[in-house]
Number of protein chains: 2
Amino acid sequence: MEHVLSGLRVVEVSAFIAAPLGGMTLAQLGADVIRIDPIGGNIDYRRWPRAPNGDSLYWACLNRSKRSVALALDTPAGREIAQALITAPGKDAGILLTNLPTSGWMDYMTLSAKRADLIMLRLTGNYDGSGAVDYTVNCASGFPIATGLDEVPVNHVLPAWDIAAGLYLSTGLLAAERARVRSGSGQEVTLSLSDVMLASVGNLGYLADVQVNNNVRPPMGNDLYGALGRDFKTADGRRVMIVAISNRQWHAIGKATGLTNVLASVGPRMNVDLNSETGRFHARREIFNILEAWCAARSLTEIAAVFDGSGVLWGPYQDFGQLVRDDPRCSLANPMMGAVVQSTVDGVLTPGSPLGFGKASRRQPTAAPALGQHTDAVLSEILGLSDSAIGKLHDAGTIAGA
Amino acid sequence: MEHVLSGLRVVEVSAFIAAPLGGMTLAQLGADVIRIDPIGGNIDYRRWPRAPNGDSLYWACLNRSKRSVALALDTPAGREIAQALITAPGKDAGILLTNLPTSGWMDYMTLSAKRADLIMLRLTGNYDGSGAVDYTVNCASGFPIATGLDEVPVNHVLPAWDIAAGLYLSTGLLAAERARVRSGSGQEVTLSLSDVMLASVGNLGYLADVQVNNNVRPPMGNDLYGALGRDFKTADGRRVMIVAISNRQWHAIGKATGLTNVLASVGPRMNVDLNSETGRFHARREIFNILEAWCAARSLTEIAAVFDGSGVLWGPYQDFGQLVRDDPRCSLANPMMGAVVQSTVDGVLTPGSPLGFGKASRRQPTAAPALGQHTDAVLSEILGLSDSAIGKLHDAGTIAGA
């Protein structure tokens, strides 16, 4: 089966979230992504959450659809094989994706001497090359102080900067490869995690808000900023998010709940135009009081029955368990989802790429490779090594299989 | 100046965050991204935050480096021009990016009848086409319930799903264009916001954790999960994030603070190996107590003097104002940042693309276009309309300039 990126080959030397996600995003679209690790695994090989058998679910879930090669990267012989894989010929090859320190054997100068049109994507913590991780970038972003209700900063648990960085890497890699097809030239492409954060804060207008308005957006709990929305408690102790951004969504709430007139009366009382986002935002406390009472009198099931198909923009709060068990989107009915064997457990629901390409059926998610699973195959196929040469490298401890 | 995506042309019919960010990501790399809006602006044209003159900073910051065309999209004549722009010839053109309802004049069938190799990226709320936004996807993700300290869900303020969706769109667009160059075929590419959420929750191992371990990761405040890190209060009322993921980072904390022996004594006392992430995670309360006292006795400036250059992974918490004023990364010293005129204010620090391409100087950030600023130029250049034809379209109210 041809997939959209079939033929493209990327070598990844990575750890943690961002760079592995960048590689997996391309692998899930059909690229041949070869992750090279030191024998025994890199620093992320045992990260939580883990399965009872010790497998890192984190590692497995960020390395699906890749091939795995294990090399003694602390030896000249192991590094030489890594260099050979990175710089092997082929117009759709010669691409390295990494977030690891690259001075020495893996720097752009050294590698591009072996393949002049090399494309190298390099993720660092800060733009000057100094270290930073999602957590130390996040605290600087302003978002933890704007999250929650009071002065105590609340870190979001989602490693959002890592995820965005991974997807900038996949975008940047395809952009550089497109340019290479046209110009014949490769290049080094750099990205830093704190630049991803700064760009995102800027893209949402918060940097400009400070500079143009001297305004620092305050924390306001779960309220939407500049629009209408919040969480509401149900009679059975669940919570739902209700949002109205468009006027259509706003009117749908009144119609579905039967509260059209009660809600409309807030406008004159508060002297705002409820047919505007700003008006609804300013009158939100009054509106929330009305919806709070309505939700508190109904169970989640009752609310769902009223809202589903009504045009109301809403959803239940779920923990990870409820997401897996109760959400119909997290099921094989969703074409993105597949079932894989994970850490000896059969039928584990697993996402593939969220991108669907009309011309091809979805690439079904696959289990992650075992560490070193493809070492022999890759060395034979890409470097043309014979079985006996591969055997000698095993004996010397330069390479390892699964 | 040639930029990495120079020559690529994308038409965007969009609103809000995800699709505009996808387009801007490509525009910042040199693609000609033409955003088409209804005359007067789309539903996102006045969103908060706004400048004193009424400009939406949100809109401006998500539409930089694009060209803007304003058309009467509620009329057949306006839609016909939009179709002509989307399906205009050119091997690097014929690409539509949208998150708006596409039934009718903008659906793939209709448009691909006008240009067979059309590439169309279409973002929806859910995979079945039903509506969802960042907020109603987020509540379902499990993250608000895992965020903060107790049972009350805490929404993160960062629209992380929108940002990820935008970057999946830029990745998917380049992937589909790469495939078109090779096959000659265009296609419809679909993405849903809730699939982006599900894929991300799955990629981080949380779906597998539920299914393999029957474990639902609990909220634990600002503590890292499975590693060592948390926020600490300083003597002057600020907070800092301190993290140790690698052993090197862990030992750096002891060395910098002079607490090596005190910290090491926690290991035997708690019967854990502090040279492992898991050991440090299990002993975190004891470790935190020691670091809490150390931080509480020092100001942020004193802590920075000790930690900077020490190998400790740390950072101060900042609000958006402190990020702009105090963070050296948010300055013109950072090659990503530039200064633009924004809403009559001069010298507003603004990010360009976080991706740096070695072969080209950075594309400096530019102010967003005024709505309709490029209507006449685009209609002349791409559709070959004469000045008099353009004048007639203005007179008929079919098009509008800035």
>> On C-alpha positions alone, give me the angle between the axis of helix B:193-203 and the longest principal axis of chain B, in degrees, nearest 10.
In response: 30
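For chain B, what does the relative contact order come out to in percent, with C-alpha contacts under 8 Å and a separation of six or more? Please list the in-between numbers first.
Values: 696 pairs, mean separation 72.9, N = 402.
Rounded, it is 18 percent for chain B.
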> Among the GluC sites (Glu not before Pro) within the stretch B:1-95, which fall in a DSSP loop and have no more than 14 other Cβ atoms within 10 Å of their own Cβ?
Replying inline: B:Glu2
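How many Cβ atoms of partner chains, on average, are near each residue of A:310-318 if near means within 10 Å of its Cβ?
Details: counts 0, 1, 2, 6, 5, 10, 3, 10, 8.
Rounded to a whole number, the mean comes out at 5.
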>> Tell me which of B:Gly125, A:Trp314, A:Gly23 sits at the most positive position along the dipole axis of the protein assembly as shown, charges placed on C-beta atoms (Lys, Arg +1; Asp, Glu -1).
In response: A:Gly23
> Residues of the stretch A:27-70 losing 50 Å² or more of accessible area relative to the isolated chain, 1.4 Å probe, heavy atoms only?
Replying inline: A:Arg47, A:Trp48, A:Pro49, A:Leu57, A:Cys61
> Tally Lys/Arg at +1 and Asp/Glu at -1 over every other residue whose Cβ is under 13 Å from the Cβ of A:Val324; what's the total?
Replying inline: -1
>> As I understand it, the dipole of the stretch B:108-233 uses +1 on the Cβ of Lys and Arg and -1 on the Cβ of Asp and Glu, about the Cα centre. Which of B:Tyr206, B:Leu111, B:Val181 lies farthest toward its positive end?
In response: B:Val181
>> At 0.36 nm per residue, and after removing the present C-alpha to C-alpha distance, how many nm does the segment from A:Val262 to A:Asn247 gain when stretched out fully?
In response: 3.8 nm
> Once label points are set 7 Å from the Cα along Cα→Cβ at both B:Asp150 and A:Asn53, what is their separation, rounded to one decimal in nm?
Replying inline: 4.2
> Distance in nm between label sites at B:Asp117 and A:Lys255, each 7 Å beyond Cα in the beta-carbon direction?
Replying inline: 4.4
> Mean residue ellipticity at 222 nm from the helices of chain A, using -39,500 (n - 2.57) per DSSP H segment of n ≥ 4 over the full residue count, to the nearest 500 deg cm²/dmol?
Replying inline: -11000 deg cm²/dmol
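Could you tally the net charge around A:Glu286, taking each other residue with its Cβ under 15 Å from the Cβ of A:Glu286, Lys/Arg +1 and Asp/Glu -1?
Summing Lys and Arg as +1 and Asp and Glu as -1 gives +2.
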> Summing +1 for each Lys or Arg and -1 for each Asp or Glu, what net charge is found among the other residues whose Cβ lies under 9 Å from the Cβ of A:Pro369?
Replying inline: +4
> In whole Å, how far is the Cα centre of the stretch B:66-87 from that of the stretch A:1-79?
Replying inline: 44
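Please give the average number of partner chain Cβ atoms lying within 10 Å of the Cβ of each residue in A:271-283, rounded to a whole number.
Details: counts 0, 0, 0, 0, 0, 1, 5, 4, 0, 0, 1, 0, 0.
Per residue, the number of nearby Cβ atoms from other chains is 1 on average.
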> Among B:Thr366, B:Leu355, B:Leu383, which residue has its Cα positioned farthest towards the positive end of the charge dipole of the stretch B:330-397, with +1 placed on the Cβ of Lys and Arg, -1 on the Cβ of Asp and Glu, and the dipole taken about the Cα centre?
Replying inline: B:Leu355
> So between B:Lys359 and B:Ser388, what do we pick up on full extension, going 0.36 nm a residue minus the alpha carbon distance?
Replying inline: 6.2 nm
> Which of the GluC sites (Glu not before Pro) found in the stretch A:144-239 are in a DSSP loop and have at most 14 neighbouring Cβ atoms, other than their own, within 10 Å?
Replying inline: A:Glu151
>> If R₀ is 25 angstrom, what is the calculated FRET efficiency for the pair B:Met220 and A:Ala339, using the beta carbon separation as r and rounding to 0.05?
In response: 0.25
> What is the calculated FRET efficiency for A:Arg182 to B:Ser183, with r their C-beta to C-beta distance and R₀ = 22 Å, to the nearest 0.05?
Replying inline: 0.80
> Got the relative contact order for the stretch B:207-300 handy, in percent, Cα pairs under 8 Å and 6 or more residues apart?
Replying inline: 32
> Once both axes come from the Cα atoms, what is the angle between helix B:160-183 and the longest principal axis of chain B, in degrees from 0 to 90, rounded to 10?
Replying inline: 50
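Assign unit charges at the C-beta atoms only (+1 for Lys and Arg, -1 for Asp and Glu), then state the dipole size of the stretch B:42-157 relative to its Cα centre in Debye, rounded to the nearest 20. Mind dumping the intermediate values first?
Numbers: 11 positive and 11 negative charges, 118 e Å.
Its charge dipole is roughly 560 debye.
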> Taking the label point as lying 7 angstrom from Cα along the Cα-to-Cβ axis, what are the distances from A:Asp236 to the corresponding position in the remaining copies, in ascending order and in nanometres?
Replying inline: 5.3
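List the trypsin sites (Lys or Arg not before Pro) within the stretch B:1-80 that DSSP assigns to loop and that have no more than 10 neighbouring Cβ atoms inside 10 Å.
Details: sites: B:Arg9, B:Arg35, B:Arg46, B:Arg47, B:Arg50, B:Arg64, B:Lys66, B:Arg67, B:Arg79; in loops: B:Arg46, B:Arg47, B:Arg64, B:Lys66.
For trypsin sites (Lys or Arg not before Pro) across the stretch B:1-80 that sit outside H, G, I, E and B with at most 10 neighbouring Cβ atoms in 10 Å, the list is empty.
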>> Quick check for me: using +1 on Lys/Arg Cβ and -1 on Asp/Glu Cβ, what's the dipole size of the protein assembly as shown about its Cα centre, in debye to the nearest 20?
In response: 440
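Can you work out the accessible area per residue across the protein assembly as shown, with the rest of the protein chains kept in place, probe 1.4 Å, in square angstrom? Walk me through the intermediate numbers first.
Details: 28060 Å² over 804 residues.
Normalised by residue count, the accessible surface of the protein assembly as shown is 35 Å².
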> If one takes the longest principal axis of the Cα atoms in chain B, at what angle in degrees, from 0 to 90 and to the nearest 10, does the Cα axis of helix B:284-296 lie?
Replying inline: 90
> When the dipole is taken about the Cα centre of the stretch B:239-316, and only Lys, Arg (+1) and Asp, Glu (-1) are charged at their Cβ, what size is it in debye, to the nearest 20?
Replying inline: 80
> Any idea how far the Cα center of the stretch B:305-336 sits from the one of the stretch B:212-257, in Å?
Replying inline: 18
>> I'd like the Karplus ³J(HN,Hα) series for the stretch B:374-389: coefficients 6.51, -1.76, 1.60, θ = phi - 60°, whole numbers in Hz, and an x wherever there's a Gly or Pro.
In response: 10, 3, 5, 4, 5, 5, 6, 6, 8, 9, x, 6, 7, 4, 6, 5
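Considering only protein heavy atoms and a probe of 1.4 Å, how much of the accessible area of the protein assembly as shown is carbon and sulfur, as a whole percent? Numbers along the way, then the final one.
Values: 14540 of 28060 Å².
Exposed carbon and sulfur together represent 52 percent of the surface.
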> Considering chain B as a Gaussian network with a 10 Å cut-off on Cα pairs, which listed residue, B:Ala60, B:Ala164, B:Ala360, attains the greatest mean-square fluctuation?
Replying inline: B:Ala360
> Accessible area lost on pairing A with B, both sides, 1.4 Å probe, Å² to nearest 100?
Replying inline: 12400
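Rounded to the nearest 0.05, what FRET efficiency do A:Ala77 and B:Thr110 have when you use their Cβ-Cβ distance and R0 = 60 Å? Don't skip to the answer; put the middle values down first.
Details: r = 59 Å, r/R0 = 0.99.
Between A:Ala77 and B:Thr110 the formula returns 0.50.
The values are calculated or read from the model by the stated rules, or taken from the named source; none is laboratory data. Here the structure is a predicted model, which means the values were calculated and not measured. As a convention, Cβ positions derive from the backbone with ideal geometry for all residues, glycine included, and neighbour counts pool all protein chains shown. Just the protein is used for accessible areas: all its heavy atoms, side chains included, with ligands, DNA and RNA removed. Shrake-Rupley method; radii C 1.70, N 1.55, O 1.52, S 1.80 Å.
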